[in-house]
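The values are calculated or read from the model by the stated rules, or taken from the named source; none is laboratory data. The shown structure was predicted, so the numbers you read here are calculated from the model rather than taken from an experiment. Note: ideal-geometry Cβ built from the backbone for every residue, glycine included; neighbour counts use all protein chains shown.
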């Protein structure tokens, strides 16, 4: 019985860990690589959920067509935000970007409240709900699909950064923008493409998780906090780090909630961050540390 | 001249052109959470209140004047709610206040209302101690958890044949209060308490908590949670393959809750002070006009806003003027015929006499299975 309990806690933790890694992916790119401290990350996630609700409930699309449409729309949105807003504060240090994204997050939350209201919204799921048992362990089909799509997105984003010309241009630009532009890279486009990719990943995770929980205008704050925890744990700009950070957070929360108390589970992430900052400030897998 | 004053006020960027016409309307201030985690429920309260004002103004208003509702966002936090009240009193010069949803926020604005001698009516805040503070300006037109537990514990224990019960509540004074009151009354009736757990507002994943719940093998699960947390929790109880009977308190008898929860809502029980399916002629009229205006049936909070505004405005009408002492005296003598029974206040300002119901969700509709008037606390 105790082993059953342990296995179920572990499964819960791993599932949550993949979800955390997924929701932090966009921030890994924008904060970790571009060095924009993006406080609007949670709001991009929220917009993904809300537009996901719109395309599945109003336009009547199935989940995966909806996901594709949300990806296109949010990529365009991210591109525009970078070209018209982030562009203006680039190269001026971190503070203007922080102020800008805080302002953007307040604007996005209130615009959403104005347009769709504060009610929680249901995003139609990819598969039917209902329990699925592996021996004593319960999960749902929807969660397994979300874990699968999550892993695919993480792998896809990793391949884009590591294997494509665009990815090479991104890495070059963030290492040395001057040298990159001298070598003929249109850095403006690269910044915008990275921001758009980060925004899209955040939105896709918002829609995916919105189909399991619900989408709501005010979810952004908590998502931003947890994503910063994951990115700091894992190390800036590292996909492996995001996965490790996500899993660490998910499993730690599950065991804390399981064996101690569920009422204070949000404390766990911050304790982990304090520990990692004390003992390994560059994060578990930092790619910046080598360069610093 | 008046236009000049109005113009300069507008130029100053103030929302104060209202005060230029202060003598034309009777103002009632309202503090509710319009942003933040319970914004959705706060909005329902405001909708109910607006409907009440509209109906009264259509019937000619009170004291020969129209009622004007001034709404401020208190965000459910003590600090913001106090700021909102200061603004409503100092700038808008309201005759009475309604608010502030969360018990902690209401507790913070009660001394402010007393300081300015403005009557304050809440239609929501249910923490028992609020009416025990001896604040003569405070009236609670809502149930407390203790009253609900007393009214329904016996019916629940017998109808659901509860022997082992698990208690889950949101981690705030309301959730903890609900869990304590119900576990005390159900334990006294012989249902053993096997698990008590709390979760934070805005939690989305309950699998860890539910793993513990499964290990405790209860036959009934009590839940104190609002629409969003509650719908996700109830859904995940079924996703974990648990078939324990679910019952609890919160805004569950609403279309939104049932829509969000889907088939997992079938068969659950909720103890609520109001359900749109309550079988009273006054309620049918109320549901009809609410649905005509908002295209959704009223829930617990829509009714709460509607009732609180009616109680306040009717007291002002009976007082015959906007003098605070006269309004307070009139409020104490309230005998308001609500969609859900008749509201009266005890000496401490606690409402009683209205009906509370136990509903079961059947076929996507809240079906009333028991109804009982809420007695005055002893």
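Among the residues making up region B:205-236, those that are closer than 18 Å to residue B:148 by Cβ, more than 9 Å from chain A (Cβ to nearest Cβ) and not in a loop (DSSP other than H, G, I, E, B) are B:220, B:221, B:222, B:223, B:224, B:230.
If the requirement is being in contact with a helix residue (DSSP H, G or I) (Cβ under 7 Å, 6 or more places away or on another chain) and modelled with pLDDT under 90, which of these qualifies: A:214, A:227?
Numbers: A:227 fails: modelled with pLDDT under 90.
Every option except A:214 fails the conditions.
Given the criterion farther than 29 Å from residue B:331 by Cβ and within 20 Å of the chain's Cα centre (by Cα), identify the matching residue among B:171, B:158. Selected residue: B:171, the only one of B:171, B:158 that is farther than 29 Å from residue B:331 by Cβ and within 20 Å of the chain's Cα centre (by Cα). Among residues that are within 17 Å of the chain's Cα centre (by Cα) and crowded, with 22+ Cβ neighbours inside 10 Å, residue A:75 is not included.
Residue A:37: out of contact with any strand residue (DSSP E or B) (no Cβ under 8 Å at 6 or more places or on another chain), outside any helix (DSSP H, G or I) and surrounded by 17 or more Cβ atoms within 10 Å (Cβ to Cβ), yes or no?
On the way: out of contact with any strand residue (DSSP E or B) (no Cβ under 8 Å at 6 or more places or on another chain): yes; outside any helix (DSSP H, G or I): yes; surrounded by 17 or more Cβ atoms within 10 Å (Cβ to Cβ): yes.
Considered against the rule, which asks whether it is out of contact with any strand residue (DSSP E or B) (no Cβ under 8 Å at 6 or more places or on another chain), outside any helix (DSSP H, G or I) and surrounded by 17 or more Cβ atoms within 10 Å (Cβ to Cβ), residue A:37 comes out as yes.
In this structure, is residue A:56 surrounded by 20 or more Cβ atoms within 10 Å (Cβ to Cβ) and under 21 Å from residue A:201 (Cβ atoms)? Full working, then the answer.
Numbers: surrounded by 20 or more Cβ atoms within 10 Å (Cβ to Cβ): yes; under 21 Å from residue A:201 (Cβ atoms): yes.
Considered against the rule, which asks whether it is surrounded by 20 or more Cβ atoms within 10 Å (Cβ to Cβ) and under 21 Å from residue A:201 (Cβ atoms), residue A:56 comes out as yes.
Across region B:237-261, the qualifying residues are those that are closer than 13 Å to residue B:169 by Cα and touching a residue at least 60 places away in the same chain (Cβ under 8 Å), and the one among them that is nearest to the other protein chains (Cβ to nearest Cβ) is B:248. Summed over region A:84-114, the residues that are more than 14 Å from chain B (Cβ to nearest Cβ) and either under 19 Å from the mean Cα position of the chain (by Cα) or part of a helix (DSSP H, G or I) (or both) give a count of 17. Taking (1) within 14 Å of chain A (Cβ to nearest Cβ); (2) modelled with pLDDT under 90; (3) surrounded by fewer than 21 Cβ atoms within 10 Å (Cβ to Cβ) in turn, residue B:279 satisfies each apart from (1).
Looking at the structure I just gave you, is residue A:47 assigned to a helix (DSSP H, G or I), at pLDDT 95 or above and more than 14 Å from every other protein chain (Cβ to nearest Cβ)?
On the way: assigned to a helix (DSSP H, G or I): yes; at pLDDT 95 or above: yes; more than 14 Å from every other protein chain (Cβ to nearest Cβ): yes.
Judged against the criteria, residue A:47 is a match.
So which of B:272, B:246, B:234 is modelled with pLDDT of 90 or more, closer than 25 Å to residue B:39 by Cβ, surrounded by 24 or more Cβ atoms within 10 Å (Cβ to Cβ) and touching a helix residue (DSSP H, G or I) at 6+ places or on another chain (Cβ under 7 Å)?
Working: B:272 fails: modelled with pLDDT of 90 or more; B:246 fails: closer than 25 Å to residue B:39 by Cβ.
One residue alone meets the criteria, B:234.
Can you report the number of residues in region A:122-141 which are facing chain B (nearest Cβ under 8 Å) and buried (at least 16 other Cβ atoms within 10 Å of the Cβ)?
Applying the first criterion (facing chain B (nearest Cβ under 8 Å)) to region A:122-141 yields A:122, A:129-131, A:133, A:138, A:140.
Now restrict to residues that are buried (at least 16 other Cβ atoms within 10 Å of the Cβ): A:122, A:129, A:138, A:140.
So the count comes out to 4.
Within region B:22-44, the residues that satisfy the criterion of being buried (at least 24 other Cβ atoms within 10 Å of the Cβ) and more than 12 Å from chain A (Cβ to nearest Cβ) are B:28, B:29, B:30, B:31.
Taking region B:332-378 as the region of interest, none of the strands (runs of 3 or more DSSP E) fully inside it holds 3 or more residues being surrounded by fewer than 16 Cβ atoms within 10 Å (Cβ to Cβ) and assigned by TED's automatic domain parsing to the domain that holds residue B:48. Beta carbons closer than 6 Å, at least 6 apart along the sequence or on distinct chains, never pair a first residue in region B:121-139 that is in the same structural domain as residue B:170 (by TED's automatic domain parsing) and surrounded by fewer than 24 Cβ atoms within 10 Å (Cβ to Cβ) with a second that is at pLDDT 90 or above and part of a loop (DSSP other than H, G, I, E, B).
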